[in-house]
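Before any comments, here is the structure.
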Amino acid sequence: MCARGEGSLKKRMFNIHEIRRNRKLFSNYNKLRMEHAFAEDPEKASVAFHIIPVLLSINEVGLPGYVSKGETGCGVYGVGSSRHLKNVIQEYFPETKHRNIPYQQYLVRKPVVESLFLLGSIGTVAQTEQSDYDFWVCVDERKWSRHTLEVLREKTWQISHWCQSTFNMDVHFFILDLEQIRHNDFGRVDEESSGSSQKNFLKEECYRTMLFVSGKIPLWWVFLPSLGQDAYESYWRDFAVEAPLDFVDFVDLGYLKEVSKTEFLGNALWQLSKGIKEPFKSLLKMAMMEMYLSESFKGPLLCDVLKERVLGGKRFLRDLDPYVLMVEKVLDFYEREHEQNAVELLRKAFYLKANPMLTRARKSRGKEYKSEIFRSLMRKWGWKLDMVEDLNQIENWSYNRLLHFSKEINRFFSTTYKRLSESLPSTEEHAIDEYDLTVLGRKLFALFSQGNNKLQVTPFLTSKRLTLDRCIFQYEPRGHRRLRWVVYDGSWYPKERKRKKQRIFSADRITRAAAWLVNNGLYDFHRTAVEMFPNATGITFNDLVHLLKHIQTYFGPAYYGGHNGETSYEDARMEKIMAIIDMEELEKFPKWLTIDIVYRNSWGELFTEFYPYREGLDVLIDYIKELNIRNEKDLSDRFVLHLPESARNIETSARIYQEVYKSIEI
């Protein structure tokens, strides 16, 4: 009886009229989000929704995305008619009006891309000018040669580069195989891809934040949320048989049942690593993970809640915004858990991520939706305008105030990680693979570890680095007749009550203090005024200014997200070295007394060391040998000598270089 009942349920389940109705509702929802994306940034929205699908569908010399002999690596299912392609290309590239481009021939070929959609904050209240455009480019790799897929990768890279250089638009294309998506296999970790660190978590985000651009619609979005995995799979099979003409417009990306506790470690490490660049978004996602993995969470998943609202006929974006939904559910969870400090921090994180810039002035044109959302939330949260106007100025907060906020964010990450790790059985296997675990672990080690001579970087501040307007170097007593260099923030901050200078760092050597300032992005030669009090060392004001400028030019500020996964998977190796001679000596040259060594490794860490000259030269030569120098040009790129401006001498510099050259035997 059960089997017959299940069979009749399957027949009753499949209803082509229901699919068509749900498809229309999904399209209406998608249109709402597109309209908001256009209101936020019309130019970038046009690129994302009009130009990119067309550029992926053709391969023409002189147009972005052209690849030599790459005609097979283009095409997006359902991109539109030849007239549509022609209109888009001629509108955005008017120089093509007199060219005979065979648009129809491109459409006749079988398209490589089955489905194209955006993931993330585009078309939501959290979209800002800095939002990335992350495209999932879904292909069926079984149908295509390696050459065709390589052409597609090159094509997407060319288009991404064009978007960045032309529109200052961060576009990332993730080319994913349909079978791999169905099995939650998202490749390996790199700067933008989470690899195996997220599986069901990423699938949930995919369905919840998806903004459909072109191609086949995921079946999941027209499938009733109340039915299970077996019903989903039989639904797909029945669909192919009973309505083949409609079936071709859909794609199966897999069913999503739940998020697994086995993904905790990988997801936590991924959010921590992304928090270096996007602290507020990572904070919200870490909180969502704790909600999902808590004992009190019984479902449904947020993507299912959203789908139920869409297919239930909700018509206003306020009720269908994936970001608003996530934040409301997460805040409700922490309020039930009586975590009021976390609630307030998450509210601030949401405001700073969405960046509505509410003021007493009128709402700016095109931003009405975002303003309405946050004015409503302000009333609900009991926030005053003074508070949000202060948050609007976060990039003008003092270093010490940002540092305090940074510690608050770090405390949330660490306590959340500890609570979750303690709640999981010690025997629980982790879904993340060895490669991705190593890469993410080492990225975090590079950021947080406190090794000997290493310069720490303050993480989790703002997306834009704080650069001081004024900094002061002072040589001060340390006790026991010892002295140290102290760096003060002497900038003026209108919102700060205290007007006096604030101490931000101290070190035994001025080289270390200068390197720390540059490494944290606090110093910029063009923006930061430098002061130095008279002192008992041999360093002059010009010596200090030239040292800061040289360190900034040669090393630049730290950026731990810039290298690929392979770099982190390998052991750290020496990359660049600077040697500074007799920086603080009262009598400089011809008898050299001291040497400071500053070096950066392949993981992005910066170190300083100090030695008597002869001992330091031996250490320096050993370090240079680790660079595996091939020729003199390679040496000049990866090793540089700095002499104090007050005693700069070409002959001295040449003699030291000569000693180095002789010792490493180039």
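The values are calculated or read from the model by the stated rules, or taken from the named source; none is laboratory data. Please read all numbers here as calculations on a predicted model, not as lab measurements. Cβ: placed from backbone, ideal geometry, glycine included. Neighbour counts: every protein chain shown. Heads up: the accessible areas ignore ligands, DNA and RNA and are worked out on the full protein's heavy atoms, side chains in. Shrake-Rupley method; radii C 1.70, N 1.55, O 1.52, S 1.80 Å.
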Just a yes or no: is a residue in the range 187-196 assigned to a helix (DSSP H, G or I), modelled with pLDDT under 95 and touching a strand residue (DSSP E or B) at 6+ places or on another chain (Cβ under 8 Å)?
-> yes
If you check ASN453, ASN396, which single one turns out to be touching a strand residue (DSSP E or B) at 6+ places or on another chain (Cβ under 6 Å), at pLDDT 75 or above and of a type in the set (S, T, N, Q)?
-> ASN453
Among the numbered conditions (1) open to solvent by less than 30 Å² (accessible area, probe 1.4 Å); (2) assigned to a helix (DSSP H, G or I), tell me where PRO64 comes up short.
-> (2)
Name the one entry in TYR323, TYR334 that is modelled with pLDDT of 90 or more, of a type in the set (Ser, Thr, Tyr), more than 25 Å from PHE14 (Cα to Cα) and surrounded by 22 or more Cβ atoms within 10 Å (Cβ to Cβ).
-> TYR323
Selected residue (criterion: modelled with the lowest pLDDT) from residues of the range 620-662 that are open to solvent by 30 Å² or more (accessible area, probe 1.4 Å) and either touching a Cys at 6+ places or on another chain (Cβ under 9 Å) or of a type in the set (A, V, I, L, M, F, W, C) (or both) = ILE650
Residues being without any contact (Cβ under 8 Å) to a residue 60 or more places away in the chain and either open to solvent by 80 Å² or more (accessible area, probe 1.4 Å) or more than 25 Å from ILE580 (Cα to Cα) (or both): count how many of those fall in the range 494-524.
-> 6
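Of all residues in the range 50-61, how many are open to solvent by 20 Å² or more (accessible area, probe 1.4 Å) and touching a helix residue (DSSP H, G or I) at 6+ places or on another chain (Cβ under 8 Å)?
Selection size over the range 50-61: 2.
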Which residue, of LYS418, LYS370, LYS329, is modelled with pLDDT of 90 or more, assigned to a helix (DSSP H, G or I), open to solvent by 50 Å² or more (accessible area, probe 1.4 Å) and farther than 14 Å from PHE280 by Cβ?
-> LYS329
Inspect all residues belonging to the range 427-450 and state whether any of them is modelled with pLDDT of 85 or more and either part of a helix (DSSP H, G or I) or under 28 Å from ASN392 (Cβ atoms) (or both).
-> no
Regarding ARG146, is this residue touching a residue at least 12 places away in the same chain (Cβ under 8 Å) and surrounded by fewer than 16 Cβ atoms within 10 Å (Cβ to Cβ)?
-> no
Consider ASN15 against the criteria (1) over 27 Å from the mean Cα position of the chain (by Cα); (2) open to solvent by less than 20 Å² (accessible area, probe 1.4 Å): it satisfies all of them except one. Which criterion is unmet?
-> (2)
The residue that is most open to solvent (accessible area, probe 1.4 Å), considering only those in the range 295-313 that are part of a loop (DSSP other than H, G, I, E, B) and touching a residue at least 60 places away in the same chain (Cβ under 8 Å), is GLU295
Tabulated pairs, the range 155-184, first farther than 26 Å from LEU253 by Cβ, second part of a helix (DSSP H, G or I) and open to solvent by 40 Å² or more (accessible area, probe 1.4 Å), C-beta under 8 angstrom, 6+ apart or interchain = PHE167/GLU43
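Could you pull out the residue among TRP157, TRP136, TRP162 that is open to solvent by 60 Å² or more (accessible area, probe 1.4 Å), among the hydrophobic types (A, V, I, L, M, F, W, C) and within 31 Å of the chain's Cα centre (by Cα)?
Unique residue meeting the criteria: TRP157.
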Residue identified as more than 28 Å from the chain's Cα centre (by Cα) and closer than 30 Å to ARG318 by Cα among ASN87, ASN28 | ASN28
Could you tell me which numbered condition TYR77 fails, if it satisfies all but one of (1) modelled with pLDDT of 95 or more; (2) hydroxyl-bearing (Ser, Thr, Tyr); (3) surrounded by fewer than 15 Cβ atoms within 10 Å (Cβ to Cβ)?
-> (3)
When you scan the range 542-562, how many residues do you find that are in a helix (DSSP H, G or I) and either surrounded by 15 or more Cβ atoms within 10 Å (Cβ to Cβ) or of a type in the set (Gly, Ala, Ser) (or both)?
-> 11
Could you run through the range 225-276 and say how many residues are of a type in the set (Gly, Ala, Ser), assigned to a helix (DSSP H, G or I) and at pLDDT below 90?
-> 5
